[in-house]
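Okay, so here's the structure we're looking at.
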Amino acid sequence: MSGFRSPHCGSLGASDDRLEVDLYGWVARRRDHGGLIFIDLRDRWGAVQVVFNPTKAPEAHAAASELRAEYVVRVKGVVGRRPAGSENPRMATGEVEVTASELEVINKSETTPFPIEDQEEPDEKTRLEHRYLDLRRPRMTRMLELRSRVNKLIRDYMDREEFIEVETPILTRSSPSGARDFLVPSRLHPGSFYALPQAPQMLKQLLMVSGVQRYYQIARCFRDENLRADRQPEFTQLDVEMSFCDEEDVFSLIEGLFSELWREVLGVELKTPFERMDIKESLLRFGTDKPDLRYDLEIADVGSVLAGTKAQIFRSALDAGGVVRGMRVPGGRDLARRDLDELVTVAKGAGGKGLAWLPGSSIDKFLSAEELAGIMSATGAGDDDLVLLVADRRRKAETVMGLIRQEVARRRHLIREDEWKFLWINPTYLFDEDDAGKLTYAHHPFTRPFEDDMSFVEDRPYDVRAHAYDIVLNGYELGGGSLRIYDPTMQERVFQLLGMPLETIRDRFGTLLRAFTYGVPPHGGIAPGIDRIVMMLGGTDNIRDVIAFPKTQSMSDLMLGAPSGVDPAQLEELRIRVVPPPNPST
RNA sequence: GGUCCCGUGGUGUAGCCUGGCCAAACACGCGGCCCUGUCAAGGCCGAGAACGCCGGUUCGAAUCCGGUCGGGACCGCCA
């Protein structure tokens, strides 16, 4: 077998005229004319037409009539320009064809469970069950290549910027970020467990104490949380941490990286620096912390206009401390009742109570002329425009409006599909409210607050800004990070504000805090998600398309059948006993 | 934990709302035969699904109802 060094089917062209070749690949298609037989021979690089001529090579021709789709074959022959008029401009190799002299069937193939082609996609279940065949489809092969290329571009770039790649353990310890851990039982320490890293957060900070100064890693991360179209339980981050840096250093590093990726992969020049926006502004105007700025719809607060309103839905929301938000739909007066009903369904699907609109829904008769005018002016609505309104608790109203904004843009084709709207969400805020209404950290407890803002932390803790940032592109959060606290006094202050017991602090963050007593440099970092970057570059809206062997929404691997039961002896050795679920299904 | 969509031959769809004309249609694929310039090759012939599963309503269910399993989108969750 010498196929490894033989020319690639997909890379042949006019310059290979009269080249004798020894080709290896899969039969993509067979066109049998009784006399001539054509096959398209495919390898990773593409496909080329092979001709079997009964008069020139009778044996090969006879063998070729037995060929079927996806047979693995070796073809010896000569590359030649196609006869005038029979070139195929739709094929990359369409100027040439290979006239076969010998054919060897290396392996036959059963009829595949779905066609190996890009035109029609079988459903997700079938694709995942036979992922090895799904990846054979040119589109998926391109995704694998793209991802590999992105990884290389990243490594080259980070190397040029004098970062070093350091690998951190996969068997590690539960970390301070908020997701559920995947646990791995320890055989040598029965009853103890390793956790798979949610991110190498603490380790990369420790590497700063080690004096690495510029660290990166293409790091696999694990989070046992529910899946989404852009979320898998295991995913890959470009984990970055650097010493003696400020935000601008992080921003320009990442802007440089994205510029390089977009230039090299897509030939697109990005405008830098990227736009920046305060998180609160983003939530108000766009209803999300990862706004898609490729369309201009904006949300407005109309609460003040309705402060004295008698309209029940608004009255009760405002009285309960909630908000009323409105959005103008340009030219939206032409929306059919059916469209509006569907928007209401979207709102309810997001957990909202509903959706009102002006003019038209029954609420306008409960609004005064001043209120109506006020809403129109607050949302900037004109005579042809419709205004959509949501009244709810602030966070819920934002979510609902954010989704409505997305849906309206999609339905009315307002999205400028060719744009790349990068955005830094910065600054953000140090604290957040937990379910019980108590102060909690918005990022993690090492996030550095704005020094000056600490003067009013007692009175208005939620207004304390943090040196934290997210990088957003076209409605996707590509990554986030922060500058970290390096001053022990500041760190103590934050822990104290969070009301964390000393015991908890020592248990969860002890290693880092001890390390910090030995001379810690100011440092900060960021972690862009590589899966999502590849999604963007690959033009797909699904993370499964950029992961070779992804899991389903219920976290199964349909190909391998994972997760699965294990041999009782294994459990025995690990000293684990499985307790049946409280409500056994029978 | 919740809401919504989907599940029909190997694949993709139609049929389902408005039950009987559906042991189910179309295209691709598959098998056979014919065909020397096609490239989604073409022509002719043929095989292949009781409609995810269980139960109910009904004289009658792919079609209606309930449950269940599986896939997907979203909210919560997760940066």
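What number of residues within the stretch A:8-34 satisfy the criterion of being part of a loop (DSSP other than H, G, I, E, B), open to solvent by less than 80 Å² (accessible area, probe 1.4 Å) and either without any contact (Cβ under 8 Å) to a residue 60 or more places away in the chain or under 19 Å from A:His61 (Cβ atoms) (or both)?
So the first thing to find is which residues in the stretch A:8-34 are part of a loop (DSSP other than H, G, I, E, B), and the list is A:8, A:12-13, A:17-19, A:33-34.
With the extra rule that they be open to solvent by less than 80 Å² (accessible area, probe 1.4 Å), the set shrinks to A:8, A:12-13, A:17, A:19, A:34.
Narrowing the set further to residues that are either without any contact (Cβ under 8 Å) to a residue 60 or more places away in the chain or under 19 Å from A:His61 (Cβ atoms) (or both) leaves A:8, A:34.
Result for the stretch A:8-34: 2.
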### Query
Limited to the stretch A:182-228, what total is found for residues that are part of a loop (DSSP other than H, G, I, E, B) and open to solvent by 50 Å² or more (accessible area, probe 1.4 Å)?
12
### Task
Could you list, in sequence order, all residues of the stretch A:158-175 that are at pLDDT 95 or above and not in a strand (DSSP E or B)?
A:Met158, A:Asp159, A:Arg160, A:Glu161, A:Glu162, A:Phe163, A:Val166, A:Glu167, A:Thr168, A:Pro169, A:Ile170, A:Leu171
### Message
Based on this model, can you work out whether A:Pro115 counts as farther than 30 Å from A:His61 by Cβ and surrounded by 14 or more Cβ atoms within 10 Å (Cβ to Cβ)?
### Response
no
## Note on the structure
In the set A:Arg147, A:Arg223, A:Arg231, the lone residue that is within 29 Å of A:Leu513 (Cβ to Cβ) and among the basic types (Lys, Arg) is A:Arg223
### Message
Can you tell me how many residues within the stretch A:188-218 are under 23 Å from A:Pro522 (Cα atoms) and within 16 Å of RNA strand B (Cβ to nearest atom)?
### Response
7
## Note on the structure
Among residues of the stretch A:79-91 being more than 6 Å from RNA strand B (Cβ to nearest atom), at pLDDT below 95 and among the small types (Gly, Ala, Ser), the residue least open to solvent (accessible area, probe 1.4 Å) is A:Gly85
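Give the residue, chosen from A:His443, A:His413, that is within 30 Å of A:Asp541 (Cβ to Cβ), open to solvent by 60 Å² or more (accessible area, probe 1.4 Å) and at pLDDT below 90.
Working: A:His413 fails: at pLDDT below 90.
Of the residues listed, the single one that is within 30 Å of A:Asp541 (Cβ to Cβ), open to solvent by 60 Å² or more (accessible area, probe 1.4 Å) and at pLDDT below 90 is A:His443.
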## Note on the structure
A:Ile547 fails exactly one of (1) more than 30 Å from A:Asp134 (Cβ to Cβ); (2) within 16 Å of RNA strand B (Cβ to nearest atom), namely (1)
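Being modelled with pLDDT under 95, under 22 Å from A:Gly524 (Cα atoms) and either more than 13 Å from RNA strand B (Cβ to nearest atom) or out of contact with any Asp or Glu (no Cβ under 6 Å at 6 or more places or on another chain) (or both) is the requirement here; does A:Leu430 meet it? Show your work before the answer.
Working: modelled with pLDDT under 95: yes; under 22 Å from A:Gly524 (Cα atoms): yes; either more than 13 Å from RNA strand B (Cβ to nearest atom) or out of contact with any Asp or Glu (no Cβ under 6 Å at 6 or more places or on another chain) (or both): yes.
Yes; evaluated as a whole, the condition is true for this residue.
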### Query
Are any of the residues in the stretch A:58-71 among the charged types (D, E, K, R), in the same structural domain as A:Cys9 (by TED's automatic domain parsing), over 22 Å from A:Thr141 (Cα atoms) and within 13 Å of RNA strand B (Cβ to nearest atom)?
yes
### Message
When you check A:Ser174 against the structure, is it open to solvent by 70 Å² or more (accessible area, probe 1.4 Å) and of a type in the set (Gly, Ala, Ser), yes or no?
### Response
no
### Query
Residue check, A:Gly349 against (1) under 32 Å from the mean Cα position of the chain (by Cα); (2) at pLDDT 90 or above, all met but one. Which one?
(2)
### Query
If you take the residues of the stretch A:515-568 that are in a helix (DSSP H, G or I) and more than 24 Å from A:Val265 (Cβ to Cβ), which of them is most open to solvent (accessible area, probe 1.4 Å)?
A:Pro568
### Query
Can you name the residue in the stretch A:118-136 that is open to solvent by less than 70 Å² (accessible area, probe 1.4 Å) and part of a loop (DSSP other than H, G, I, E, B) and, of all such residues, is nearest to A:Val27 (Cα to Cα)?
A:Arg136
### Of the criteria (1) part of a loop (DSSP other than H, G, I, E, B); (2) touching a residue at least 40 places away in the same chain (Cβ under 8 Å), which one A:Gly85 fails
(2)
## Note on the structure
Checked pairs for the stretch A:358-369, first in the same structural domain as A:Ser304 (by TED's automatic domain parsing) and closer than 15 Å to A:Val387 by Cβ, second surrounded by 15 or more Cβ atoms within 10 Å (Cβ to Cβ) and acidic (Asp, Glu), C-beta under 8 Å and 6 or more apart or across chains, list as A:Leu358/A:Asp364
### Message
Looking only at residues that are under 24 Å from A:Arg136 (Cβ atoms) and among the small types (Gly, Ala, Ser) in the stretch A:35-57, which one is farthest from RNA strand B (Cβ to nearest atom)?
### Response
A:Gly46
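Among the residues of the stretch A:343-357, which ones are open to solvent by 60 Å² or more (accessible area, probe 1.4 Å) and either in a helix (DSSP H, G or I) or not assigned by TED's automatic domain parsing to the domain that holds A:Arg394 (or both)?
If we filter the stretch A:343-357 for residues that are open to solvent by 60 Å² or more (accessible area, probe 1.4 Å), which is where we start, we get A:345, A:348-349, A:353.
Listed by number, the residues that qualify are A:Thr345, A:Lys348, A:Gly349.
The values are calculated or read from the model by the stated rules, or taken from the named source; none is laboratory data. What you see is a predicted model; the values in this text were computed from it and never measured. All Cβ positions, glycine included, derive from the backbone under ideal geometry; neighbour counts span all protein chains shown. Keep in mind that these areas ignore ligands, DNA and RNA; they rest on the heavy atoms of the full protein, side chains included. Shrake-Rupley method; radii C 1.70, N 1.55, O 1.52, S 1.80 Å.
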